[in-house]
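Rule-based calculations on the coordinates, nothing more; no lab input. Every value quoted in this text rests on a predicted model; they were computed, and no experiment measured them. When we count neighbours, we look across all protein chains shown, and the Cβ atoms used for this are built from the backbone with ideal geometry, even at glycine.
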């Protein structure tokens, strides 16, 4: 079942469970995907791919993490709690990320394959990782691992 179908099912379930916070977040996700579809298709009827949906959801999570930082700074703990709940809801629809041992071995493999030798090769290595493992990487963790390997 793809993300669109999972989202549709989750909206129905949240509506029958009367979970208003979750329902609002799910509808926001549907709207963001629909908007991106409309911007992408421009007359040809195509929809964005699963990897583009994952990138969109990642962007939504990043926006909410920034909002949490602002809410913490202002001392609004209730808003922090609600925003964390939104992040949890969005993460349910993200593809699973690599665990630490798998990420470490993938980074080592790419470093060896491209012949990376120093910190100047970090960008090339991360680009290669993104191409090989789309939607499976936590780029921050991968970058830290690669930097540690290339020092």
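Do we have any residue at all in the stretch 70-81 that's touching a residue at least 24 places away in the same chain (Cβ under 8 Å), part of a helix (DSSP H, G or I) and either more than 17 Å from the chain's Cα centre (by Cα) or surrounded by 12 or more Cβ atoms within 10 Å (Cβ to Cβ) (or both)?
So far as the stretch 70-81 goes, no, none of its residues is touching a residue at least 24 places away in the same chain (Cβ under 8 Å), part of a helix (DSSP H, G or I) and either more than 17 Å from the chain's Cα centre (by Cα) or surrounded by 12 or more Cβ atoms within 10 Å (Cβ to Cβ) (or both).
Suppose we keep only residues that are loosely packed, with under 12 Cβ neighbours inside 10 Å and part of a helix (DSSP H, G or I) within the stretch 140-151. Which one would you say is farthest from the chain's Cα centre (by Cα)?
Looking at residues that are loosely packed, with under 12 Cβ neighbours inside 10 Å and part of a helix (DSSP H, G or I), I get 148.
Out of everything in the stretch 9-27 that is without any contact (Cβ under 8 Å) to a residue 12 or more places away in the chain and part of a helix (DSSP H, G or I), what residue ends up being farthest from residue 89 (Cα to Cα)?
Checking each candidate, the answer is 16.
Out of 46, 66, I need the residue that is closer than 20 Å to residue 88 by Cα and either surrounded by fewer than 12 Cβ atoms within 10 Å (Cβ to Cβ) or without any contact (Cβ under 8 Å) to a residue 24 or more places away in the chain (or both). Which one?
The match here is 66.
Yes or no: the stretch 103-112 includes at least one residue that is within 21 Å of the chain's Cα centre (by Cα) and more than 14 Å from residue 149 (Cβ to Cβ).
No, that holds for no residue.
Taking residue 48 as meeting all but one of (1) within 28 Å of residue 2 (Cα to Cα); (2) assigned to a helix (DSSP H, G or I); (3) within 22 Å of the chain's Cα centre (by Cα), write down the number of the exception.
If we test residue 48 against (1) within 28 Å of residue 2 (Cα to Cα); (2) assigned to a helix (DSSP H, G or I); (3) within 22 Å of the chain's Cα centre (by Cα), just (2) comes out false.
Is there a residue in the stretch 101-114 that is touching a helix residue (DSSP H, G or I) at 6+ places or on another chain (Cβ under 9 Å), more than 21 Å from residue 133 (Cα to Cα) and assigned to a helix (DSSP H, G or I)?
The answer is no; no qualifying residue exists.
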